[in-house]
Amino acid sequence: MSRHGMSLALCALIAGASALQSQGTGRGASGAGRGGGAAVLPPAPPGDADTLPPAKYFGVTEYDLARTKLEKLVKPGGFAVYIVTDMEGLAGVVNNGREMSTGRSGNSPDHQRFRQELTDELNAAIAGARLGGATQFFVVEGHGGNNFRNVLVDKVDPDAILLRGWPRPNVMETGVNAKMNMMMVVGNHPNAGTPGIIAHSYALGSALTVNGIKLNESGISAFVGAEFGVPLGMVAGDDSYAAEMKETFPSAEVVTVKVAMSGAGGAMLPFARVHAQIKAAATKAVQRAKAGQLKLVTFAKPYHIAWCIRNTFAQPVYEVMARPAGFAIRPDSASGPRCFTYDTNKAEEIGTIMNLVEWAALKP
Amino acid sequence: MRVNRLRCLMPLLILAALGVAPLAAQRGGRGLGPPANNPFQGKGLPYETGFRAYIVMNMAGMGAAVDPKEIMSGTETGAPAQTNTASYADYEGRFRSLATQEANAAVRGARLGGAKSFAVSDAHPANGFGSLLPWEMDSAAILIRGTRPLFMIAGLDSTFGTLMFDGAVASAGSNGIMTHTFGFDALTVNGKKLNEVAIMALIAGEMGVSVSMVAGDDAAIEETKAMLPAGFVPVITKYAVGRIAGITYSPAKVRQMISAGAAEAVRREKAGAFAPFKMDKPYHVEFTVQNGMSDDNIAQVAAMQIPGLTLERNGARGFRFTTDNAKLIGYVIDAMQPVVIR
């Protein structure tokens, strides 16, 4: 996921949020069923509350329908790999402003070239996994720049099945299901609050925690995957990200593609070396998964989730982020003015809440 | 309003930015911040065995380039991502790639000379220290890009066998092409004027690393020869005939010269021909900030907080400090960048 584009979205949102105030009543209960329990937050504003990617404009399905659709594509008897992609943690990337987004004219040359690098690292992961015995490759577009359409469809491995475009359910783990055999991540970045290249976590101001354990974006994806029994096999990113992942997911293969020397700079390993390392790590991960050597990182239920929205968002945007309809989210003022907690037995709901928070930041 | 104002000032800022880094442009990342609080300070490069060559590629002094529009993207002033297509065509479409190939020529030469491990520092502030094209780099070279502490020689340590400068620029006020010295009109150590190469050579010298090659225009080479008495392999890639005019070679010819120079440099370095650059301690450092900086900016320089630094005013735009640690000079240069460009 990415924060780029948010500043662009802010102006539109400020205008949009105030417009919502005048749209009359009617939403209120529509989403209230899913989370169970009553929301303790102030009631949603009147109108078609802008707290979901609205189905009536974007036709976003429920996440369980998306999961069912993907499940049907998994062929029995094979080894299906679920690959989450992002861009901030790719080899060579340091600059969020110029390298991670399309630019107003849609043609930032560095962003365009890094889409190729994304595709190259993804292809290396697929090639490696195939060598290890994987047969199917489901790829999630997890980077917001260019609206979650960054993998070059004409250059990606022909066996890849892409989940692309947005809004869609559960942005970084759309459709992950029990028929998947392993998860891999390329291009993801360190958590919010970690010193590392373009470190952040969705639109949060600090690390999201599950039962007190910090999870970065990859960690959240793995948390959702683990509930379906899908272990995390391989991840690639900068050294800060690598250290985070080793701590929380010690059995995963970890590839370091660069060394962070600031939030926007560092030492880049040569692309060819990175691709070779990703390929080798993916092979090893699939082999280890088949040998039952990957450990599933699970948490005790009910999951106690806590997060804080980044305080740089303007109040109207924040108010949208603070109000994902249908979830019994509680303010956590002891942790900060923009902090919340939520208890659930379904990890997928966290993906949905992050998706809704992201909606406020990146609304297309 | 701010953007408009910056756009009006663009030509001036481009010249100013030749020597300073656009930290303000790094909206996506955390700035360097005061070195005291910098969790990245002192981070090293991945270790590699064999003779290690550290190559500083400063696009400002690369072969053939004579005009700021060839070496600046035009987006150095904090322009947000959405305007990032404003890059100058010669920079974006031609010179970024040529600079990358020039750095590769240095890597190639160093390899011929016997080096086994290569680090290339993208030392020029254009595009957020992101001019060299990572995807065109020699496949054995570690590329250091983006903002970072001691930006010109970030990650250099005593495991390196030699330090080489490609694209050296003569000091501010001298008669070279696009001359500058970071954000200074002048910087002296113990009364001796140093250019960018010599300042970095002093920091490297404390790590026991010597300079073996300097490539740039004739003005840069001549003055660096006088500053670094232990010598180095000089490669003159262009001759100044004005501040934004020169006698230049084709890039292909420049690459041959750089490659040959780097090979000779590594061979002679391995034979012990050079010595780390040292000066007497404590270092008495005096600098004058760049002409054209506002009073506000000068006040910000005066307020700079760096552990171990006691900065004294020395005239309207002048400052001085004393230290035993050459890195402190580098940290002052780092800290001045956002102040100057803001």
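Remarks
- Computed over protein heavy atoms with a 1.4 Å probe, the carbon and sulfur contribution to the accessible area of segment A:109-266 reaches 51%.
- The residues packed around B:Ile144, meaning those with a beta-carbon under 10 Å from its beta-carbon, carry a net charge of +2 if Lys and Arg are +1 and Asp and Glu are -1.
- Shape class of segment B:163-211 from the alpha-carbon gyration tensor: oblate, with a/c at 1.5 or above and b/c at least as large as a/b.
- Table column - 3J(HN,Hα) (Hz), segment A:201-212, Karplus curve with 6.51, -1.76, 1.60, x for Gly and Pro: 9, 6, 9, 8, x, 8, 5, 5, 10, 10, 6, x
- For the pair A and B, the buried accessible area comes to roughly 3200 Å² in total, with a 1.4 Å probe and the value rounded to the nearest 100.
- For B:Lys192, the shell of other residues with beta-carbons less than 13 Å away shows a net charge of -1, using +1 for Lys and Arg and -1 for Asp and Glu.
- Förster radius 35 Å - calculated FRET efficiency between B:Glu222 and B:Thr159, Cβ distance, rounded to 0.05: 0.65
- Computed on the Cα atoms alone, the convex hull of segment A:190-339 gives a volume of 123 cubic angstrom per residue.
- Under 17 Å from a label point set 7 Å out along the Cα-to-Cβ vector of A:Asn345, the amide N atoms of segment A:217-250 belong to A:227-229.
- Prolate/oblate/rounded label for segment B:231-342 (Cα gyration tensor, a/c 1.5): oblate
- Ordered by 1.4 Å accessible area with all protein chains kept, A:Lys75, B:Lys225, B:Lys281 run largest first as A:Lys75, B:Lys281, B:Lys225.
- Each label point was placed 7 Å from the Cα along the Cα-to-Cβ direction; for B:Met304 and A:Gln116 their separation is 3.9 nm.
- Solvent-accessible ranking of A:Ser262, A:Ser206, largest area first, probe 1.4 Å: A:Ser206, A:Ser262
- Interface residues of segment A:188-228, defined as those with an accessible-area decrease of at least 50 Å² between the chain by itself and the complete set of protein chains (probe 1.4 Å), are A:Pro195.
- Mean projection area, nm², convex hull over Cα of segment A:288-364: 7.4 nm²
- Gyration tensor (alpha-carbon) shape descriptor, segment B:37-270, a/c threshold 1.5: rounded
- Considering only segment A:63-290, percent of DSSP beta bridges that pair antiparallel, nearest 5: 25 percent
- Between segment B:213-287 and segment A:293-348, the alpha-carbon center distance in angstrom: 57 Å
- Integer Hz, Karplus 6.51/-1.76/1.60 couplings in order for segment A:57-67, x for Gly and Pro: 9, 10, x, 5, 7, 5, 5, 6, 5, 4, 5
- Sequence-distant contacts, meaning Cα pairs under 8 Å at least 6 residues apart, place the relative contact order of segment A:63-290 at 26 percent.
- For segment A:71-79, the Karplus equation 6.51 cos²θ - 1.76 cosθ + 1.60, evaluated at θ = phi - 60°, returns couplings of 3, 5, 8, 7, 7, x, x, x, 10 Hz by residue, with Gly and Pro reported as x.
- Once backbone amide H atoms are built at 1.01 Å from N, B:Val120 has B:Ile55, B:Ile142, B:Leu143, B:Ile144 as its partners under 5 Å, excluding neighbours fewer than 5 places away on the same chain.
- Subtracting the Cα-Cα distance of A:Leu152 and A:Leu73 from 0.36 nm times their residue separation leaves 26.3 nm of extension gain.
- Extension gain for A:Ala178 to A:Gln315 (0.36 nm times residue separation, less C-alpha to C-alpha distance): 45.4 nm.
- Accessible surface of A:His275 - all protein chains present, 1.4 Å probe, nearest 10 Å²: 40 Å²
- Residues of segment A:322-362 with an amide N closer than 20 Å to a point placed 7 Å from the Cα of A:Leu65 along the Cα-to-Cβ direction: A:325-327, A:348-357, A:359.
- Carbon plus sulfur fraction of accessible area for segment B:37-270, probe 1.4 Å, in percent: 52 percent
- When B:Lys192, B:Lys116 are compared by accessible area at a 1.4 angstrom probe, the order from most to least is B:Lys116, B:Lys192.
- Here segment A:58-94 and segment B:132-149 have alpha carbon centers that stand 31 Å from each other.
- Considering only segment B:110-266, percent of DSSP beta bridges that pair antiparallel, nearest 5: 35 percent
The values are calculated or read from the model by the stated rules, or taken from the named source; none is laboratory data. Nothing here was measured: the structure is a model prediction, and the numbers come from that model. Every residue, glycine as well, gets a Cβ built from its backbone with ideal geometry; the counts of neighbours run over all protein chains shown. Ligands, DNA and RNA are stripped out before the accessible areas are found, and what is left, the full protein with its side chains, is counted by its heavy atoms. Shrake-Rupley method; radii C 1.70, N 1.55, O 1.52, S 1.80 Å.
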